[in-house]
Structures are given as C-alpha cells and as structure tokens.
Amino acid sequence: LGQQEKAFSLYSEIANARDYYGFLAADKLNKPYNFNNKPLQYNNEIVKTMRRHPALARARELFRLHRFPDARREWNTMFSSLNQEQKCAAAKLADEWGWHSRAIAAVASIKEFDDLELRFPRAHSSTFGKYTEIFLVELGYTLAIARQESIFVIDARSPSGALGIMQIMPTTGQYIATKLVVPSFKVQHLLNPQINIRYGIWYLRKLLDSFDQHIALSTAAYNAGPGRVRSWAPEKNPIPADIWVETIPFNETRHYVRRVLEYTTVYEMMLAQTY
C-alpha cells in the first residue's frame with residue numbers, strides 16, 4: 001500500500017523473533033537474524049543420578065537394540081514422573097545417545113525452546129552428508145525436512161502410511177527404487193535410515209528440478225504432492241513467494257512450508273557456526 005513507515009514499524013516489532021515471520025521481517029529491514037541460542041543449564045549431580053536411573057537405562061538399551069516401540073514406552077512412563085531438572089537431564093542424555101527425537105520432545109514438553117543444539121540435531125550426519133553431496137541438495141534444507149517430517153524417528157509411521165525419517169509413501173518408495181535401479185524393493189526397506197534418507201534426498205532433488213529450484217514450491221510438493229502444487233501456482237501473473245505461501249489452501253501444507261523454511265534458516269546458521 002506504500003505505507004513504508006508503518007510497515008517498517010510493524011516489521012521491527014517481530015524482527016527479533018526466531019521464527020518464520022521474524023526472519024521475513026528481518027529480511028525486509030535488512031537486519032541480521034536473531035537466533036537467541038541459550039544452551040540448557042544442567043545440574044551435574046542430577047545428570048549423574050539420571051544416568052543410573054533404572055527405567056532410563058532400560059529405555060537406552062532398548063533403543064540401542066532397535067526395539068523402538070518398547071524403548072519409547074519405557075521412556076514415556078519414566079519421563080512423566082520426573083521433575084523439571086530431571087527432565088532437562090534426561091533430554092541431555094537422550095541427545096548424547098543419539099536418541100534425538102526424545103531430546104527434542106523432552107525440551108518441548110518443558111517449554112525450553114532456546115537450546116538449538118538439542119532442538120536441531122545433525123542426526124545421521126554421515127548419511128545426510130553423503131547423499132546431499134551426491135544429489136546436490138543443501139544439507140540444512142534436507143535436515144529441516146527430516147526435522148519437520150519425523151523429528152528423526154527411524155520407525156515413524158504417519159496415519160497416511162508414510163514411513164521413516166523422511167516420511168516416504170510406499171508407492172513413492174517403489175518409484176524411487178525403480179529410478180535408482182534398486183532391485184527387489186520392499187516396503188520395510190523404508191525403515192532403514194540409510195535407504196530412507198537416500199530416497200528422500202533423491203526425491204527432493206527431483207522436486208527442486210521440477211520446480212526450477214524454487215524452495216517454497218518444492219517444499220510444498222514434498223508435503224502435498226507436485227500435482228497439487230502446480231494447481232496452486234498462479235496461472236498468469238507471478239506473485240512473491242511469501243505471499244504465495246499464505247495462499248496455500250491446505251492448512252497442513254501452509255504450516256509445513258513455514259516450518260521447513262524456518263528450520264532451514266536455523267540449520268544453515270548452525271552449520272555455518274555463526275551464532
């Protein structure tokens with residue numbers, strides 16, 4: 001509307017927020033992002049005590065045995081009985097063990113959102129690193145997709161049937177396996193992290209190519225399917241990407257795109273170690 005002074009005043013109110021709209025507002029004002037990274041403070045004695053907690057030890061061993069449903073049941077029963085400091089310690093230990101989904105869920109449950117190392121882990125780093133290099137997809141973007149899709153739960157299953165860390169539908173997995181010339185595809189292969197991550201990153205590369213490297217369109221397509229996204233694109237006059245995101249007719253996909261773009265920004269910062 002041409003009301004720049006009023007617009008900039010409104011942008012200033014949210015430009016320090018570490019979220020999708022805060023980052024957009026900072027862009028409008030040409031200001032650096034505010035990541036507000038504050039690692040959790042732990043009581044070392046409580047951490048030592050929690051290391052010896054029988055239920056936590058059982059959950060850890062079940063996780064290491066890949067008995068994931070049993071491990072989560074043990075964890076959930078134990079976690080609900082802990083106080084705030086004990087929950088912080090449990091989150092730290094889960095992160096140490098590579099059980100990142102429990103660490104993420106733990107800090108969310110106690111409303112501690114500023115420890116970015118806990119909330120945005122670089123899980124399965126060698127696998128993600130390998131296939132992002134092979135398929136030429138940005139690592140931060142790929143981690144953001146996985147973080148939003150499954151919080152890195154290896155055996156994640158959605159109500160619609162999507163599987164694994166990158167939440168791949170069985171039919172999509174079969175299609176990808178054919179394109180990658182993988183013989184004897186089986187649905188359970190999608191619960192193997194290395195296979196799942198490889199397939200997910202290949203599919204991201206395909207979507208980026210299909211949508212002229214446009215990250216918002218490709219992200220929406222990963223969630224809702226490329227056919228729907230093409231039908232949502234403006235037919236004649238182009239519009240700015242941030243406005244287009246607000247026009248996505250599916251609430252889930254609109255929320256998904258915002259979150260992935262926000263998480264991509266956080267991961268890019270963490271990978272560059274600039275906070």
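The values are calculated or read from the model by the stated rules, or taken from the named source; none is laboratory data. No experiment lies behind these values; they were computed from the predicted model shown. Cβ: placed from backbone, ideal geometry, glycine included. Neighbour counts: every protein chain shown. Keep in mind that these areas ignore ligands, DNA and RNA; they rest on the heavy atoms of the full protein, side chains included. Shrake-Rupley method; radii C 1.70, N 1.55, O 1.52, S 1.80 Å.
The table that follows gives values for the structure above.
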| read-out | value |
| --- | --- |
| Theoretical gain in end-to-end length, His66 to Lys111 [0.36 nm per residue, Cα-Cα removed] | 13.4 nm |
| Calculated FRET value between Ala55 and Ile14, using beta carbons and R₀ = 51 Å, to 0.05 | 0.75 |
| Carbon + sulfur, % of accessible area of the chain - ligands and nucleic acids excluded, 1.4 Å | 51 percent |
| Mean projection area, nm², convex hull over Cα of the range 129-174 | 3.5 nm² |
| Whole-angstrom gap from the range 10-56 to the range 141-201, using each part's C-alpha centre | 29 Å |
| Gain on full stretching of the segment that runs from Ser231 to Trp97 - 0.36 nm per residue minus C-alpha separation | 43.9 nm |
| Distant alpha-carbon pairs in the range 1-122 (separation over 23 angstrom), percent | 44 percent |
| Order of exposure, largest accessible area first, which applies to Phe120, Phe63 with probe 1.4 Å | Phe63, Phe120 |
| Theoretical ellipticity at 222 nm over the chain - DSSP helices of four or more residues, -39500 (n - 2.57) apiece, nearest 500 | -19500 deg cm²/dmol |
| Computed Rg/Rh of the range 195-275, alpha carbon atoms with Kirkwood Rh | 1.00 |
| Column: log10 I(q)/I(0), Debye, Cα scatterers of the range 118-217, q = 0.14, 0.15, 0.17, 0.20 Å⁻¹ | -0.48, -0.55, -0.72, -1.01 |
| The chain: most fluctuating residue of Tyr175, Tyr263, Tyr141 per GNM, C-alpha cutoff 10 Å | Tyr175 |
| Peptides ranked, highest mean first, by Cβ atoms within 10 Å: ranges 203-212, 34-43 | 203-212, 34-43 |
| Nearby lysines by direct alpha-carbon distance to Lys28 (threshold 16 angstrom, same-chain neighbours under 8 apart not counted) | Lys6 |
| Solvent-accessible surface (1.4 angstrom probe) belonging to Glu13, in square angstrom, nearest 10 | 140 Å² |
| In Hz, Karplus ³J(HN,Hα) per residue of the range 97-106 (6.51, -1.76, 1.60; θ = phi - 60°; x = Gly, Pro) | 7, x, 8, 5, 4, 6, 5, 4, 5, 5 |
| Inter-probe distance in nm under a simple model that places probes 7 Å from Cα toward Cβ, at His255 and Asn83 | 3.4 nm |
| Inverse mean reciprocal Cα-Cα distance (Kirkwood Rh) of the chain, Å | 20.3 Å |
| Average accessible surface area per residue within the chain, 1.4 Å rolling probe, Å² | 53 Å² |
| Above-threshold pairs, the threshold being 24 Å between Cα atoms, out of Lys31/Lys236; Lys38/Lys87; Lys130/Lys179; Lys87/Lys130; Lys92/Lys186 | Lys31/Lys236; Lys87/Lys130; Lys92/Lys186 |
